[in-house]
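For reference, the structure discussed in these notes is given below.
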Amino acid sequence: MKGGLQEALLIAQNSRCKYKHGAVVMRRGKIISRGTNYRRFAPTDRSWRASYVHAEEMAIHMAGDVTGATIFVARVNNSGDPLPSQPCKRCSGLIERSGITIIYHT
């Protein structure tokens, strides 16, 4: 468990968002995917609209089949210190539907 959470903390430091989150998906002790939150822009009728991809979404999407896996979610401040975090309602639903069985978070 400790290795997955430590990796998620390191990944979170790579985020360019104000609230830095990282996620790691592991199965049988091996990392199968990593993700960080990021801001994306989508065109609208008159301008560009910003939206955010959450670290959990990215990690699950990049992993493919995550049935029976464990996800580690971490948040850090700008100095890299851990902050409290847990999956939001949308990500909690995604995690449940994906087949991930265990969630750890800072």
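Somewhere in segment 44-61, is a residue among the small types (Gly, Ala, Ser), outside any helix (DSSP H, G or I), surrounded by 17 or more Cβ atoms within 10 Å (Cβ to Cβ) and touching a residue at least 24 places away in the same chain (Cβ under 8 Å)?
no
Scan segment 71-93 for residues that are surrounded by fewer than 19 Cβ atoms within 10 Å (Cβ to Cβ) and at negative phi and report the count. Give the steps one after another, and end with the answer.
In the first step, residues of segment 71-93 are kept if they are surrounded by fewer than 19 Cβ atoms within 10 Å (Cβ to Cβ); the result is 77-84, 86, 88-90, 92-93.
Within this subset, residues satisfying the condition of being at negative phi are 77-79, 81-84, 86, 88-90, 92-93.
Adding up the residues that qualify gives 13.
Filter segment 82-101 down to residues that are in contact (Cβ under 8 Å) with a residue 24 or more places away in the chain and polar (S, T, N, Q) and give me whichever is nearest to Ala69 (Cα to Cα). For segment 82-101, the residue satisfying everything is Thr101. Which one is farthest from Tyr19 (Cα to Cα), of the residues in segment 85-100 that are assigned to a loop (DSSP other than H, G, I, E, B) and touching a strand residue (DSSP E or B) at 6+ places or on another chain (Cβ under 7 Å)? Across segment 85-100, the extreme among qualifying residues is Ile100.
The number of residues in segment 62-77 that are closer than 14 Å to Gly22 by Cβ and either assigned to a loop (DSSP other than H, G, I, E, B) or among the basic types (Lys, Arg) (or both) comes to 2. For segment 15-31, the criterion of being at pLDDT 95 or above, in a loop (DSSP other than H, G, I, E, B), in contact with a helix residue (DSSP H, G or I) (Cβ under 6 Å, 6 or more places away or on another chain) and not small (Gly, Ala, Ser) is met by no residue. As a summary of the residue check, Arg40 satisfies the conditions (1) modelled with pLDDT under 95; (2) surrounded by 11 or more Cβ atoms within 10 Å (Cβ to Cβ); (3) assigned to a strand (DSSP E or B) except for the one numbered (2).
The values are calculated or read from the model by the stated rules, or taken from the named source; none is laboratory data. Only a predicted model underlies this, so the values are computations on that prediction, with no experimental measurement involved. So basically every Cβ, Gly included, is an ideal-geometry build from the backbone, and we count neighbours across all protein chains shown.
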